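S.K.: First the structure, which I've put down as structure tokens, then a few questions once you've had a look.
Every read-out reported here was derived from the displayed coordinates using simple, explicitly stated rules and does not represent laboratory data. Not measured: the values here are computed from a predicted model. Here the Cβ positions follow ideal geometry from the backbone for every residue, glycine too, while neighbour counts run over all protein chains shown.
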Amino acid sequence: MASAPRFLLASARHAAAQTTPKRALVPSTFTARRGNATAVDPLRAKPWTRQEVQEVYDTPLMELIFRAASVHRLNHPPEQVQLCTLLNIKTGGCSEDCSYCAQSSKHADKVGLKAEKLTDVETVLVEARKAKANGSTRFCMGAAWRDMSGRKRGFERILKMVEGVRALDMEVCTTLGMLTPEQAAQLKKAGLTAYNHNLDTSREYYPKVITTRKFDERLDTIEAVRQAGISVCSGGIIGLGENDGDRVGLIWEMSQLPEPPESFPVNALVAIPGTPLEKNERVTIQELLRTIATARIVLPTSIIRFAAGRISYTEPEQALAFMAGANAIFTGERMLTTPTSGWDEDHAMLGRWGLQGMASFESTTVRMKEGQAALEATEERKAAAAAEATA
Ligand code: SF4
């Protein structure tokens with residue numbers, strides 16, 4: 001286990017200093033040229049066009065990173081990187097056919113992954129406490145399901161998990177497949193901070209990756225989450241065989257939502273033997289940086305999570321990703337079915353680059369989405385949990 005996470009104290013300083021931005025802040029002037037392309041005015045009074053996002057993506061790389069770093073500094077404490085832990089609470093046996101995923105039942109024979117039942121509540125809470133003790137401030141739970149239909153008892157168990165993690169004063173996120181508005185409302189009531197539902201890639205490339213769920217069904221779930229007052233976590237995977245235009249399409253699609261996602265995970269494909277994408281090559285560091293930097297500029301207030309595949313990049317490459325605007329990582333023992341670096345290693349890495357963790361609910365966008373009532377309910381849950389522990 002790591003030593004006491006000093007950043008939990010240090011980050012209070014930033015919480016005090018942080019003001020609530022009325023709007024996303026971006027530098028007032030910026031011009032970059034590549035061929036005939038001229039970067040757009042970044043003070044956004046109107047929605048991004050896809051062409052404008054493409055022009056940002058095509059900016060010469062060092063200029064792009066500089067601009068993204070400038071946007072980042074105007075909207076986030078630049079030294080903060082949130083540590084998140086993602087636990088698989090129901091492994092394998094999923095009826096979807098996502099071509100990158102080890103947990104799809106369509107690839108089960110070749111991958112050799114055995115389906116398991118939903119984990120029990122106490123096991124999950126043990127893992128959450130461990131994550132918190134090691135400095136993670138967001139705890140995410142993933143279940144390999146298409147949706148929650150016919151899973152009433154399982155859903156009730158998940159509501160208890162959400163309540164329990166929230167009582168630890170951690171941000172709590174779930175990814176359970178498609179949700180109805182009623183299920184989203186129940187999750188919000190249980191204390192859910194965020195719901196993850198990735199769009200994965202551009203609308204055009206999407207059917208090449210998944211055929212069992214439509215792109216618009218994903219947007220419906222995001223809308224249900226939004227309507228319930230839950231923060232939206234939605235991003236994508238790069239390295240699926242898509243091109244630059246598809247990465248631009250994914251980011252542009254996020255910018256067209258009624259509200260941008262509070263959280264945008266960028267996953268670099270981990271090519272898992274037995275899946276249809278097993279032979280895909282890892283995306284280059286330049287493609288990764290362009291994606292992160294463009295997302296930072298187009299989605300200035302979102303937390304950008306450098307998620308799966310991070311450990312296949314060197315430490316200096318990861319540092320460049322932080323410079324380009326990434327401000328969250330997944331750490332711990334595993335990330336769903338893929339490996340990740342551990343807490344000790346990540347604390348040491350962040351320290352070497354002058355970075356530190358982020359406290360739970362420190363992000364302004366998350367706090368605003370939570371609302372006062374939810375934050376007060378958290379205090380009540382914490383008090384009840386403390387009273388139970390001392391009884
Ligand atoms: S829905 Fe999720 S768990 Fe199921 S195959 Fe797709 S990525 Fe895997």
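S.K.: Ranking Lys114, Lys189, Lys90 by Cβ neighbours within 10 Å, fewest first, what do you get?
M.R.: Lys114, Lys189, Lys90
S.K.: Can you give the direction-averaged projected area of the convex hull of the alpha-carbon atoms in region 78-382, in nm²?
M.R.: Across all orientations, region 78-382 yields a mean hull projection of 13.8 nm².
S.K.: For the residues Ser104, Ser234, what sequence is obtained by ranking on other C-beta atoms within 10 Å, fewest first? The partial results should precede the final answer.
M.R.: Values: Ser104 23, Ser234 27.
Lowest count first: Ser104, Ser234.
S.K.: Please give me the summed charge of the neighbours of Thr137: other residues whose Cβ is under 10 Å from its Cβ, Lys and Arg +1, Asp and Glu -1.
M.R.: Charge balance near Thr137 sits at -1.
S.K.: Right, next: Determine the alpha carbon to alpha carbon distance for each of Lys114/Lys189; Lys106/Lys188; Lys110/Lys214 and list only those over 28 Å.
M.R.: Lys114/Lys189; Lys106/Lys188, as the Cα separations exceed 28 Å there.
S.K.: Assuming R0 = 51 Å, can you tell me the calculated FRET efficiency for the pair Lys110 and Lys46, based on Cβ-Cβ distance, to the nearest 0.05? Show your work: numbers first, answer last.
M.R.: Details: r = 47 Å, r/R0 = 0.93.
It comes to 0.60.
S.K.: Here's another thing I want to ask about it. Please rank Phe139, Phe215, fewest neighbouring Cβ atoms within 10 Å first, as an exposure proxy.
M.R.: Phe215, Phe139
S.K.: Please pull out the direction-averaged projected area of region 203-313, using the convex hull of its alpha-carbon atoms, in nm² to one decimal place.
M.R.: 7.1 nm²
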